[in-house]
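For reference, the structure discussed in these notes is given below.
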């Protein structure tokens, strides 16, 4: 009998918004859950790599949830664009969630910040993010920024990531990602791998684009052996130019990135769970309260929740 699978509830909530658009996707039902299978959460088995937000038995139990969502980014804060959905379905709806972050982003702080201090600050912000979202997180120290990577272009970044993976004992970055994804998949779970769009990285950041491309390649290879899905995440502002008296929109909320087919509006309440929060409020908390050390890049958020859309592209 052929096994069949479906996408998880995180994306049913998104689909519900677009019923009027009559979006058609081929969703298959997973039908072989007759027995409960308990598998150890790898985050708790490998403290040297993984930060455990320490929610006790609740998080450990979540690993046995049927739906697993894993975000892969190049730096701490790359997950911000996924905040509404992760807060909705990970923190409140008991799906298992994890983040794999490739570097500490040691060059992503104000100019006078020492690289190690910057990396430590961003690692602490990531831990706070994990606590807010109730997600496991693996943080690595791959090369990042023009100080670590030369030439600083797609080929140079890919070579630097591969070298970093080799130093960790893997053949290359794709082998590294495939190994992590296998560890985060149980026999009964459906694995959703989420990353920034490799075509533009949501910010045109070259490391985002390279990481997205490597993630896409790893998922494509694993799709021959397991139930695994690939989702690109990005966000947009729904107007062509900001009002002059208001702050400029952050660069990752760009109308040029409006190519995702499924979006939720910032002013709408989180679906299914957490109905006291809007999509924008979840995102804005991460931006202003958790990753406030990164606000120097773009300043204050554009203060019009209905202008935001948080978008997902299924590949």
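The values are calculated or read from the model by the stated rules, or taken from the named source; none is laboratory data. Not measured: the values here are computed from a predicted model. Neighbour counts run over all protein chains shown; Cβ positions are idealised from the backbone, glycine included.
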In region 271-306, anything surrounded by fewer than 20 Cβ atoms within 10 Å (Cβ to Cβ), in contact with a strand residue (DSSP E or B) (Cβ under 7 Å, 6 or more places away or on another chain) and over 19 Å from residue 91 (Cα atoms) is listed as 305, 306
Being in a strand (DSSP E or B) and modelled with pLDDT under 95 narrows 193, 231 down to just 231
Flagged pairs (Cβ under 6 angstrom, 6 or more apart or on separate chains; first in region 134-161, farther than 21 Å from residue 115 by Cα; second assigned to a loop (DSSP other than H, G, I, E, B)) are 134/55
Margin query: Taking the criterion of being modelled with pLDDT of 90 or more, in contact with a strand residue (DSSP E or B) (Cβ under 6 Å, 6 or more places away or on another chain) and outside any loop (DSSP other than H, G, I, E, B), would at least one residue in region 235-250 satisfy it?
Written below: no
Matching residues in region 128-159 (surrounded by 15 or more Cβ atoms within 10 Å (Cβ to Cβ) and assigned to a helix (DSSP H, G or I)) number 10
The helices (runs of 4 or more DSSP H) lying entirely within region 39-120 that contain at least 1 residues which are within 24 Å of residue 167 (Cβ to Cβ), at pLDDT below 80 and in contact with a helix residue (DSSP H, G or I) (Cβ under 8 Å, 6 or more places away or on another chain) are 42-45
